[in-house]
Amino acid sequence: MADVVHTFIVTTTPEGRGSDWPHPADCPDGKNCDFIRRASRMGIERMADLGENRPDGTYNLARFGFHSLCLIGDDGHILHPALPAPTPQAGDPSGCHWCGINERTHARQYTEGPGYHTWTQPTQDQIKTRMLARRNHR
């Protein structure tokens, strides 16, 4: 029998970031569900950390190790902890279109718009704006 999908919901409200992990009504294990036990062991703060730096949405939970839970993507692979969006580097006019990091040190970055991405050529307007900002900063 396939596992019932257990979800983790990340939301942004005027009061701040929020998360919720409602137990599915159709879970055959009811109150004896392993997901409930693992969530209890992890504690509310570590459960909330699963949504840190993630865009609003519904994510799937999976068992991790002996006692923890993790988020998984639609493909069933673990979603590694999300990193905050990098700070744009105003000093590099030819930095990435999405995050401003230069091509040589970019590798893969995460930003809310495109998600994980490789270096992308900036537009001519971005290059001009960045050059003017760099000149005015000096």
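The values are calculated or read from the model by the stated rules, or taken from the named source; none is laboratory data. Because the structure is predicted, anything quoted here is derived from the model rather than measured. Backbone-built Cβ (ideal geometry, glycine too); neighbour counts: all protein chains shown. We work out accessible area using only protein heavy atoms, side chains counted, and drop any ligands, DNA or RNA first. Shrake-Rupley method; radii C 1.70, N 1.55, O 1.52, S 1.80 Å.
Couple of notes before you dig in:
- Taken over region 117-129, residues that are open to solvent by less than 90 Å² (accessible area, probe 1.4 Å) and either among the small types (G, A, S) or within 27 Å of the chain's Cα centre (by Cα) (or both) amount to 7.
- Residue satisfying all of: in region 94-116; touching a Cys at 6+ places or on another chain (Cβ under 8 Å) and outside any loop (DSSP other than H, G, I, E, B); surrounded by the most Cβ atoms within 10 Å (Cβ to Cβ) among these: Q109
- With respect to the stated conditions, G76 fails to be part of a loop (DSSP other than H, G, I, E, B), within 13 Å of the chain's Cα centre (by Cα) and free of Cβ contacts under 8 Å to residues at least 24 places away in the same chain.
- Where G95 falls short, out of the listed (1) at pLDDT 85 or above; (2) of a type outside the set (S, T, N, Q); (3) within 24 Å of H6 (Cα to Cα): (3)
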